[in-house]
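Right, one structure below, let's go through it.
The values are calculated or read from the model by the stated rules, or taken from the named source; none is laboratory data. The structure displayed is predicted, hence computed values, not measured ones. Don't worry about glycine lacking a Cβ; one is built from the backbone with ideal geometry, like all the others, and counts go over all protein chains shown.
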Amino acid sequence: MPLDFQDSLFGDDGSGAAGLATLPGERTALARGAWVEVLPGFVTGAAEVFETLVHEVPWRAERRKMYDRVVDVPRLVHTYAAADPLPHPLLAEARTALSRHFRPELGEPFATAGCCYYRDGRDSVAWHGDRFGRGRSHDTMVAIVSFGDTRRLSLRPRGGGEAVSFEMGNGDLLVMGGSCQRTWDHAVLKTAKPVGPRISVQFRPHNVF
């Protein structure tokens, strides 16, 4: 499946040797026992990782039934199970570092790696929570590492309320924890602004999706 990618898209942003910044990030408490933790520049050399993900992840387009018709899911996706080799060694290092740091609070390591490819501002993910599996009834964590152009991740209380948002740039980390998946929804909304491609990698524990 051909994907449009420009080597010079990000200029010097995220260039250089690949590596990881030191955790923790800055934690913000939300209502209802939820929280988010943000660490800009968690991955250094993110532009090189992005290029690898574009070309090495076996991206697929999904279709989903909506009301009385089947529509295209507005992004490309792929999920790596816990035992699957990841497409870039730094992703395995990131998962290990996140597991080591958050395990005392989470009680288990991160396992799977879900990948989403947002090709431009028309690609998106609607309001939702990761409430399948244990996320429906238990506190858990989802750690998102962003590669590529900046997109806004928005969160709002489930059932209505004031939304908060975070601009996620190349190599940035955002962790949603506590009751966030049960009591809040999150989304990457469409935008008419001229934005380039972005890939998010979502690390989750077993049986959270």
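Where in region 93-209 are there strands (runs of 3 or more DSSP E), lying fully within it, with 1 or more residues that are surrounded by 21 or more Cβ atoms within 10 Å (Cβ to Cβ)?
Those strands (runs of 3 or more DSSP E) span 112-118, 142-148, 151-157, 164-168, 173-178, 184-188, 198-204.
Here are some residues: Ala47, Ala17. Which one is buried (at least 20 other Cβ atoms within 10 Å of the Cβ), among the small types (Gly, Ala, Ser) and either within 17 Å of Gly169 (Cα to Cα) or at pLDDT below 95 (or both)?
On the way: Ala17 fails: buried (at least 20 other Cβ atoms within 10 Å of the Cβ).
Within the list Ala47, Ala17, the selection yields Ala47.
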